[in-house]
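Right, one structure below, let's go through it.
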Amino acid sequence: MTTAAPAAPDITAKAEQAIDEIARALARGELVAAAFSGGKDSSVVLGLALQAWTRVRDEGTAPYPLIVVSGNTGIENPAVHAALLENHRLLEAHARHRGIDLEVELSQPSVADSYLVQLISGRALPTWTNTSHRACSVALKLQPGTRAVRHASERVQRRVRGKAGALAPLVLVGSRVSESAHRAGSMTSLGVHDGSAVDSGYGTRTQAPIAGWSADDVWEWLALASDSADPPFQAWRPDFEETVHIYRESAGECPVVVGDRGPKAACGARHGCALCTASGARDRSLEQMLTHKRNAYMRGLNELRNWLANSQYRWDLRAGIRRRRQDGREIVRIGPGTYSPDTCAELLAMCLTLDQREQRRAETLRTDLDAGGYGDAYLSSRWLVDGVWDRHYAQRMVTPQFRLIDTAMLTAIDFYWALNAMHPPFHAWRIFRAVCQRGCEVDVRPLEPGRRDAERPREYEIPAPGMNAYEGLRDHCAEFALPETHAPRPYGRVWAMEHDESLALEIDAEAVDLWMSFELDDLLEHHADMRPFAAAAFYLRNGLVSIPRGRAAVMDGIARRGQWIWDNGGWNPAALPAPATRTRAA
């Protein structure tokens with residue numbers, strides 16, 4: 001970044017005013033948390049909050065530690081996420097140097113709420129452009145972020161006061177009225193359009209210190225800010241050149257010139273989740289980033305995103321059975337549901353293939369650099385053409401930049417497949433062995449989008465006599481063979497095999513790794529001819545999967561429905577017994 005010109009009085013006054021407001025809150029004994037994504041707006045808010053904290057401390061008041069909360073949805077744009085982690089590193093070093101008491105929290109969704117687990121387990125569909133409710137934002141951002149703020153708040157109060165108090169944290173966000181008409185409307189309805197602090201309804205209060213700033217104000221502050229600058233432009237890093245660089249790559253032009261007219265995704269960011277389908281048939285920001293050689297490793301992610309976007313009206317990729325709860329009724333709802341079992345299996349294979357190829361890319365680069373080579377196309381062009389060796393890039397890229405499916409996610413997918421009887425036992429691990437151990441990789445195939453005006457398959461209900469007689473979460477064979485150790489026990493209103501419970505569905509990933517390292521081939525061979533629920537029973541019986549407390553009855557009902565479907569033709573509705581009369585779904 002070029003040497004900054006003297007600050008204009010307007011931006012200086014705005015920054016001082018925002019710092020004063022935050023400082024007053026800290027001096028009153030407020031517990032302040034800055035929501036930090038690494039983007040331009042949240043970077044300004046964090047810089048202002050850090051200066052407010054040091055000002056209050058220097059005036060003789062001991063404020064609560066400053067909380068910084070960031071999010072990792074699990075499907076972040078890898079380049080943006082890497083920049084966020086680098087910001088965390090610089091931030092913690094700055095805090096140590098300046099004596100700032102800081103708590104940094106990185107939130108992430110639970111394994112069951114992970115985007116790809118929901119899609120591949122057949123429990124959800126992508127959020128498309130015309131999807132009325134952004135459920136992904138709630139599961140991937142809002143809920144994890146709220147939990148992170150609460151946990152950090154309890155930890156800070158326990159450290160300072162010796163007990164977790166009831167202080168409602170004041171969360172600082174980087175929302176601005178001038179971003180868009182939609183953002184202005186939402187900020188006005190929430191009451192934060194004028195910088196006021198309001199109750200968020202989630203046990204916190206929210207304030208937007210730069211609500212009235214323009215994009216020009218934001219970029220001007222970033223241009224003037226550094227770790228050696230005087231207030232109100234003091235920051236935690238030498239400059240924000242990397243931030244500008246990311247925006248420039250995704251916008252295709254200088255963001256300082258474009259300002260608020262720049263391209264935006266559905267969530268209001270120029271670069272959000274790498275697999276976000278809410279932006280339409282194409283993610284132009286990601287495509288623009290791919291024109292730069294240093295981002296070539298994300299090409300497969302863009303292909304997968306486009307596949308998901310084009311699948312919206314492809315009814316042939318959907319399951320013919322809907323998953324709505326039947327509430328004890330012996331019925332099955334027919335109609336276009338989530339992705340079909342075959343589609344889910346293909347999606348898993350494609351994701352594992354992308355992971356394998358990213359792992360190989362990193363290993364190849366490391367080997368080449370260790371041997372004295374020029375590395376990849378980006379490194380060699382920078383060195384041979386420009387005479388510049390990008391050391392930071394080389395250090396970062398010798399490790400994989402993303403992993404779509406980890407052990408916990410794979411186990412969760414396999415558990416849900418078994419619970420819903422979508423595939424034979426341990427089928428997800430069978431795909432893992434084929435792709436990751438035997439090299440049977442599956443490319444992201446081009447997918448023609450379906451026609452929006454195509455006739456949607458009709459919905460109706462069919463009776464499922466005897467569904468409630470199935471074993472559900474019980475294992476009758478084990479109960480009969482080993483009654484002393486495998487006797488069922490009551491969980492609410494249902495009897496089920498003994499299992500662990502937790503606040504949310506949890507996976508003991510270390511134990512799963514141990515089992516699968518030594519027993520995978522034997523498990524696949526031993527369970528080859530068994531019914532799907534055998535895998536779910538294995539996970540529960542051995543404590544590898546803990547189900548949410550109080551949800552045994554719901555999961556028991558899901559298991560009974562899956563067992564009935566498996567025994568009556570599977571997830572193809574054409575194979576299910578045709579009743580004499582069909583009842584239309586309400």
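The values are calculated or read from the model by the stated rules, or taken from the named source; none is laboratory data. Bear in mind the structure is a predicted one, so any value in this text is a computation, not a measurement. Methodologically, a virtual Cβ is constructed for each residue, glycine included, from the backbone with ideal geometry; neighbour enumeration extends over all protein chains shown. The protein model used for the area step is the full one, side chains on, heavy atoms only, and it has no ligands, DNA or RNA in it. Shrake-Rupley method; radii C 1.70, N 1.55, O 1.52, S 1.80 Å.
Numbers for the structure displayed
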item	result
Count - residues of region 78-112 that are under 30 Å from D342 (Cα atoms), in contact (Cβ under 8 Å) with a residue 40 or more places away in the chain and touching a helix residue (DSSP H, G or I) at 6+ places or on another chain (Cβ under 7 Å)	3
Among (1) free of Cβ contacts under 8 Å to residues at least 40 places away in the same chain; (2) out of contact with any Asp or Glu (no Cβ under 8 Å at 6 or more places or on another chain) - the single one L379 does not satisfy	(2)
In region 57-67, the residues that are outside any helix (DSSP H, G or I) and either crowded, with 17+ Cβ neighbours inside 10 Å or acidic (D, E) (or both)	E59, P63, Y64, P65, L66, I67
Members of region 398-436 found to be under 14 Å from L523 (Cβ atoms) and surrounded by fewer than 18 Cβ atoms within 10 Å (Cβ to Cβ), listed by number	R433
Restricting region 458-493 to residues that are in contact with a Lys or Arg (Cβ under 8 Å, 6 or more places away or on another chain) and part of a loop (DSSP other than H, G, I, E, B), the residue that is nearest to A552 (Cα to Cα)	G472
Residue satisfying condition, being of a type in the set (S, T, N, Q) and closer than 20 Å to S178 by Cα, within set T12, T61	T12
Tally, over region 472-522, of residues that are open to solvent by less than 70 Å² (accessible area, probe 1.4 Å), under 14 Å from W429 (Cα atoms) and more than 31 Å from the chain's Cα centre (by Cα)	0
Pairs, first without any contact (Cβ under 8 Å) to a residue 24 or more places away in the chain in region 175-200, second of a type in the set (V, I, T) and open to solvent by less than 20 Å² (accessible area, probe 1.4 Å), C-beta under 7 Å, six or more apart	V198/V192
Of the criteria (1) among the hydroxyl-bearing types (S, T, Y); (2) in a helix (DSSP H, G or I); (3) under 14 Å from V171 (Cα atoms), which one S70 fails	(2)
Subset of region 229-248 (residues that are over 28 Å from the mean Cα position of the chain (by Cα) and either among the aromatic types (F, W, Y) or assigned to a helix (DSSP H, G or I) (or both))	F233
Residue check, R541 open to solvent by 30 Å² or more (accessible area, probe 1.4 Å), touching a helix residue (DSSP H, G or I) at 6+ places or on another chain (Cβ under 6 Å), on the phi < 0 side of the Ramachandran plot and in contact (Cβ under 8 Å) with a residue 24 or more places away in the chain	no
Qualifying residue in region 178-190 (condition: crowded, with 19+ Cβ neighbours inside 10 Å, over 24 Å from the mean Cα position of the chain (by Cα) and not in a helix (DSSP H, G or I))	no
Which listed residue is open to solvent by 40 Å² or more (accessible area, probe 1.4 Å), touching a strand residue (DSSP E or B) at 6+ places or on another chain (Cβ under 8 Å) and among the aliphatic types (A, V, I, L, M), from L106, L50, L84	L106
Residue selected from region 341-392 under the condition open to solvent by less than 60 Å² (accessible area, probe 1.4 Å) and touching a Pro at 6+ places or on another chain (Cβ under 6 Å), by the criterion nearest to I565 (Cα to Cα)	E358
Residue in region 422-440 that is more than 30 Å from Y539 (Cβ to Cβ) and either outside any strand (DSSP E or B) or under 25 Å from the mean Cα position of the chain (by Cα) (or both) present	no
Residue within region 336-350 that is small (G, A, S), at pLDDT below 95 and under 26 Å from V177 (Cβ atoms) present	no
Verdict on R305 being open to solvent by 20 Å² or more (accessible area, probe 1.4 Å) and of a type in the set (K, R)	no
Hits in region 191-228 (condition: among the charged types (D, E, K, R), outside any helix (DSSP H, G or I) and open to solvent by less than 20 Å² (accessible area, probe 1.4 Å))	none
Failed condition for A412, given (1) in a loop (DSSP other than H, G, I, E, B); (2) under 24 Å from the mean Cα position of the chain (by Cα); (3) among the small types (G, A, S)	(1)
Failed condition for R96, given (1) assigned to a helix (DSSP H, G or I); (2) more than 14 Å from the chain's Cα centre (by Cα); (3) under 25 Å from R549 (Cβ atoms)	(3)
Candidates G272, G252, G300 - the one that is modelled with pLDDT under 85 and buried (at least 20 other Cβ atoms within 10 Å of the Cβ)	G272
Segments classed as helices (runs of 4 or more DSSP H), wholly inside region 268-386, with at least 3 members that are closer than 30 Å to M187 by Cα	284-289
